[in-house]
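Asker: Structure below; questions to follow.
The values are calculated or read from the model by the stated rules, or taken from the named source; none is laboratory data. Being a predicted model, the structure only gives us computed values, none of them experimental. For neighbour counting, all protein chains shown are included, and Cβ atoms are generated from backbone atoms with ideal geometry for every residue, glycine included.
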Amino acid sequence: MIVLINKYIFVQKVKTGGKMNKKNIIKQCLFILICIITAFCINNNEASASQSGIAKSKKGISEYIKRSIQADADYLTSASRSVTSDSNIIYINSTKKVGIRVNEIRFIRLKGKYKKVKYTTTNSSIVGVNSKGKLRAKRPGRVTIKVKAGKKVFKCVIYSYCSQLNYAILTGSYSNLGSKDKKIARKVHTIINKKIDKSWSKIRKVRYIHDYLINNCEYDYDNYLKGTLPSSSYTAEGVFLKKRAVCSGYANAFKLFMDGLGIENNLIFSAAHEWNQIKLYGIWCHIDCSWDDPVWTDKSAESRISQGYLYYLQYKYFMVDDSILKTDNTGAHTFNTSRFKKCRNKKFQYYAFNMHLGMPFCDGQDYAFNNIVGKINSGKRKINILLRQDLDPGKLVNDLCWRYGGKISYFYNARVGNYYIFSISLS
């Protein structure tokens with residue numbers, strides 16, 4: 001009986017990670033009390049019970065206790081065994097950095113005896129931690145786990161990753177990669193850690209990546225027309241190593257950056273196209289880098305202007321909602337809304353134009369005229385505004401020509417939602 005009780009106590013200690021709180025102590029006391037009462041009753045009934053009855057009674061009680069302990073032992077051989085395994089325990093006293101695969105469960109522990117231990121994470125959407133130190137990696141990214149024990153504070157950096165390439169980008173360790181993946185990981189890691197300032201807002205970081213991909217990669221239009229697209233054009237290899245890719249290459253490269261920055265994102269696709277969704281400040285929106293990268297057969301400045309493009313990159317599909325995708329008459333952006341996130345918030349729709357490129361919203365004819373005149377008078381010779389699509393650009397140009405003696409040239413850039421990018425130059 002004593003041996004069984006000791007075994008039971010040992011199993012319970014293992015299951016609770018060695019923590020003997022009030023609840024566990026009460027449970028153990030009740031179990032011991034039941035065992036003592038049972039043993040006492042058996043001894044009192046020995047004189048009156050037959051030997052076979054006693055044997056059956058003792059056997060039944062022993063079997064009950066054994067079954068209870070066996071159930072606990074089974075628990076240990078499954079989930080609890082992984083809990084106590086050194087490979088699943090992170091001793092934060094001696095570990096400063098560690099990688100965890102997405103959906104993997106690990107446990108933070110302190111070597112030694114500490115009271116009032118508190119666990120926190122810098123981003124619970126990437127790696128969550130509960131009050132008992134149980135970690136769960138949810139999506140790619142980097143977090144810092146803090147463990148406060150009394151007046152002492154211990155820290156550990158956790159890299160949550162979904163692939164070896166993703167892990168290399170997060171950590172800068174490339175030893176387990178092939179030559180191509182090593183080049184890709186090194187390039188992405190360098191841009192994230194050297195080119196992007198940590199003080200930038202998340203939106204500014206996303207815009208930098210959007211612009212980088214478009215400025216450093218060309219849509220593989222020639223091979224697309226010939227039907228000779230190489231496999232690399234469909235992957236991040238095409239973007240980083242070949243400098244040529246199609247939509248899936250852009251989307252996969254963009255995802256590598258978002259995972260490296262710890263920004264929640266999805267790859268989204270239709271029957272004939274692929275792009276990205278990201279979540280910023282609780283809002284989901286679309287980003288399509290490949291469709292923001294214009295394609296020209298003639299790349300001269302005159303040709304670009306005649307085709308209505310002011311820049312080598314656009315922001316027509318930068319952080320937009322579902323309604324903007326519906327303006328695409330080709331059907332390329334028609335996707336399964338039940339499978340992917342719905343993007344209905346227009347908060348960031350004109351962010352790149354209005355905030356970073358300094359283009360004002362011009363919702364009235366007089367306001368547009370006065371805004372352009374004010375900028376010209378301040379010394380500017382090239383002005384870009386967001387002109388509401390139902391306004392009259394002809395009247396605006398006539399008023400400006402009358403004021404400045406016909407020295408005005410203008411053209412439209414791409415349509416963005418309910419606005420056109422209206423560009424004015426004064427010779």
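Asker: Does the stretch 323-355 hold any residues that are at pLDDT below 80, farther than 16 Å from Asp292 by Cα and in a helix (DSSP H, G or I), and which are they?
Answerer: Listed by number, the residues that qualify are Asn354, Met355.
Asker: While we're on this one: Which of (1) within 21 Å of Gly282 (Cβ to Cβ); (2) modelled with pLDDT of 70 or more does Tyr315 not meet, given it meets every other one?
Answerer: Only one criterion is unmet by Tyr315, namely (1).
Asker: Can you find, within the stretch 244-292, the residue that is nearest to Asp321 (Cα to Cα) among those that are surrounded by fewer than 19 Cβ atoms within 10 Å (Cβ to Cβ) and of a type in the set (S, T, N, Q)?
Answerer: The selected residue is Asn266.
Asker: Moving on to the next point. Looking only at helices (runs of 4 or more DSSP H) that fall completely inside the stretch 184-279, which ones have 1 or more residues that are free of Cβ contacts under 8 Å to residues at least 60 places away in the same chain and within 18 Å of Gln314 (Cβ to Cβ)?
Answerer: Because the criterion is at least 1 residues that are free of Cβ contacts under 8 Å to residues at least 60 places away in the same chain and within 18 Å of Gln314 (Cβ to Cβ), the helices (runs of 4 or more DSSP H) in the stretch 184-279 that meet it are 202-216, 247-261.
Asker: Here's another thing I want to ask about it. Scan the stretch 147-160 for residues that are touching a residue at least 24 places away in the same chain (Cβ under 8 Å), over 15 Å from the mean Cα position of the chain (by Cα) and part of a strand (DSSP E or B) and jot them down.
Answerer: Val147, Lys148, Ala149, Lys152, Phe154, Lys155, Cys156, Val157
Asker: Considering each residue of the stretch 124-146, count those that are in contact (Cβ under 8 Å) with a residue 24 or more places away in the chain and more than 24 Å from Lys198 (Cβ to Cβ), and give that number.
Answerer: Going through the stretch 124-146 one residue at a time, the tally reaches 5.
Asker: In the stretch 161-182, is there at least one residue being more than 19 Å from the chain's Cα centre (by Cα), hydrophobic (A, V, I, L, M, F, W, C) and more than 18 Å from Phe254 (Cβ to Cβ)?
Answerer: yes
Asker: Confirm whether Tyr119 is hydroxyl-bearing (Ser, Thr, Tyr), under 26 Å from Phe240 (Cβ atoms) and touching a residue at least 12 places away in the same chain (Cβ under 8 Å).
Answerer: Here the answer is no, as Tyr119 does not meet what is asked.
Asker: For Leu241, work out the one condition from (1) crowded, with 20+ Cβ neighbours inside 10 Å; (2) at pLDDT 90 or above it doesn't fulfil.
Answerer: (1)
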